[in-house]
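Some notes on the structure that comes next.
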Amino acid sequence: MVSINLLKGQRYDEHLARKRAKLELFAGACVMASVCAFWGWVAIDVTQATQRLEREIQAKQARVALLQTTRQEVLALEEQRQTMAARQERVNALTSALDSPIRLLSIVSRVVDPLDVWLLHLQAKDEKVTLSGVARSLQDVLQLAKDFEKGLGPVDVVGAGPHAQLPDLFQFSMNVWMDSPNHGGTNS
């Protein structure tokens with residue numbers, strides 16, 4: 001037999017109240033579970049982001065350490081380069097005085113034609129070179145002066161004239177300033 005209660009009674013209200021309480025409890029549990037899941041997800045994401053940032057910081061610190069080491073090496077190499085450049089300058093300063101006579105003799109050997117000009121005296125002091133000798137003609141003396149001017153620097157022909165004992169030859173004397181624009185004389 002089936003009994004149908006068409007009238008709402010106290011039992012029905014209690015039943016609805018229990019059902020409503022269960023639904024509210026279930027909804028509250030769902031909301032709490034959602035909130036916990038959301039905050040768990042946020043915590044995991046924050047932890048992963050923190051770990052990623054820590055790895056990036058460590059990688060950047062390693063790069064900074066490498067750059068500092070490289071910078072120190074570069075500074076050491078630059079200091080060595082400067083030291084070597086200073087040594088080279090000192091060597092050049094010491095050897096430049098030695099280079100002048102070699103350069104002078106090299107140019108003399110190229111410029112002086114032994115068939116036309118004979119050097120009797122050659123003296124070099126600082127940047128001034130004094131030459132004297134005998135030539136076959138005055139043109140040979142002037143050509144010698146031009147050649148010296150091209151190779152060494154300004155030339156002053158101090159004297160040129162016929163030789164006292166050998167009238168076929170010309171005696172000459174000249175000053176050559178090696179790489180000196182201000183030599184104190186006049187060019188001839």
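So for the pair residue 52, residue 36, with labels modelled 7 Å out along Cα→Cβ, what separation do we get in nm?
Label at residue 52, label at residue 36, 2.8 nm between them.
List the residues, sorted by chain then number, that are 5 or more residues from residue 158 or on another chain and whose placed amide H is less than 5 Å from its amide H.
Under 5 Å from the amide H of residue 158 lie the amide H atoms of 173, 174, 175, each far enough along the sequence or on another chain.
If I take all pairs of Cα atoms in region 112-177, what percentage of them are more than 16 Å from each other?
Percentage above 16 Å: 40.
Residues with amide H under 5 Å of residue 169's amide H, sequence separation 5 or more or different chain, H placed in the peptide plane at 1.01 Å from N; which?
163
Counting only other residues whose beta carbon sits under 14 Å from that of residue 26, what net charge do I get with K and R as +1, D and E as -1? Don't skip to the end; give the middle numbers.
On the way: positive: 18, 19, 20, 22; negative: 24.
That works out to +3.
With all distinct Cα pairs included, what does the Kirkwood hydrodynamic radius of region 12-99 come out to in Å, to one decimal, could you say?
Radius from the Kirkwood sum: 20.4 Å.
What angle, in degrees between 0 and 90 and rounded to the nearest 10, separates the Cα long axis of helix 138-151 from the longest principal axis of the Cα atoms of the chain?
20 degrees
To the nearest whole percent, what portion of all C-alpha pairs in the chain is separated by more than 23 angstrom?
72 percent
Determine the dipole magnitude for region 112-177: charges of +1 sit on the beta-carbon of Lys and Arg, -1 on that of Asp and Glu, nothing else is charged, the reference point is the Cα centre, and the result goes in debye to the nearest 20.
80 debye
Rule-based calculations on the coordinates, nothing more; no lab input. The structure displayed is predicted, hence computed values, not measured ones. Please note: Cβ atoms are built from the backbone with ideal geometry, for glycine as well, and neighbour counts cover all protein chains shown.
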